[in-house]
Ligand SMILES: Cc1ncc(COP(=O)(O)O)c(C=O)c1O
């Protein structure tokens, strides 16, 4: 049996190889290696694709979050609500500015931030909420906006895993104050190195972010404030620009894979969909696209009852990754957690989704097809 890799970028990139080579040659011959018209053209098309007023190419998804937080003046003494189940960068960017990440539970069915728990965690120092549209599925943008308005706080959407996902026709990264995404190679729009994008509908915030992206500089060599080097390379922009029109097709292909796994797995003994009220005896819970417009960045299974997928399938037919919340296991973490998130007043709770289950990403269809496993 062949092992299915977790991700194979070869076919996607090989199909565009000739165009990449031309773009590389053009950039090489232009001698323009920092920002410039190639980056601007890419940003313009990203903004049109997402339905936003401003899009700024930046050095990574992490820097996109950092830049958005800096442009909102979030720092020492401020608290930011974010999900306890996400990639480290969401909380790391908050902590790096001296602000405090406040962990909020996630919904156990779609893993997006639970606004009921968020309401319990809001305090006088809360300045912002950072919803994470995890695994390619948009959270409820209407509810997020209403929540932020009710509590008079800012919204930074962490859409690193969800570029192209929609909520009732609206794109992620188009609501709130800022959106941030990543072009890390495994994302649905994956670059050939690191880079990311910041979006906003607000002219003043866009201007501030543009200045902070280049060390707070405007005009040249006049530094209004301390920013950083958050620039995206024009070569990266040129390569991504070639891939951008193909993003809907990449998203469709991932949805096709998800449909395939659903068809192969649904209805088998011990397997149910991860919906409220799912069969308690199920050994494996399949992901559900509740928004109906997700982009399936990952096909994430839950293994309930404290079991581990390894125990269910000692010899898995596919590569996998176990996804964890952004910290280290309790026993080993004491000193290291203190170093990473020493300002957090909370001991981050184990998210509800993980108290009884272990979310994992794994391609299993082959094993289950034909009654194996
Ligand atoms: C949810 C989330 N936020 C932020 C990031 C950071 O993006 P980057 O790796 O481009 O810095 C990632 C990357 O995997 C992510 O998944």
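Values quoted throughout were computed directly from the atomic coordinates according to the rules given, and no laboratory measurement underlies them. Nothing here was measured: the structure is a model prediction, and the numbers come from that model. Backbone-built Cβ (ideal geometry, glycine too); neighbour counts: all protein chains shown.
The figures follow:
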{"item": "Spacing of the two label points (7 Å from each Cα toward its C-beta) at residue 186 and residue 15, in nm", "result": "2.2"}
{"item": "Cβ crowding within 10 Å averaged over residues, with 137-150, 64-77 ranked highest first", "result": "64-77, 137-150"}
{"item": "Overall form of the range 14-148 per C-alpha gyration tensor (a/c, 1.5; a/b vs b/c)", "result": "prolate"}
{"item": "Rounded Å value of the spacing that divides the Cα centres of the range 2-79 and the range 197-274", "result": "7"}
{"item": "Packing-based order for 108-115, 33-40, 128-135, using average beta carbon neighbours within 10 Å, highest first", "result": "128-135, 108-115, 33-40"}
{"item": "Exposure proxy ranking, count of Cβ atoms within 10 Å, fewest first, for 25, 213", "result": "25, 213"}
{"item": "Net length gained if the chain between residue 96 and residue 34 were fully extended (0.36 nm per residue, minus Cα distance)", "result": "19.7 nm"}
{"item": "Burial ranking of peptide ranges 257-267, 162-172 (average Cβ count within 10 Å, highest at the top)", "result": "162-172, 257-267"}
{"item": "Chain lengthening between residue 121 and residue 207 when straightened (0.36 nm per residue, less Cα-Cα)", "result": "27.8 nm"}
{"item": "Whether the range 179-319 is rounded, prolate or oblate, judged on the alpha carbon gyration tensor where a/c under 1.5 counts as rounded", "result": "prolate"}
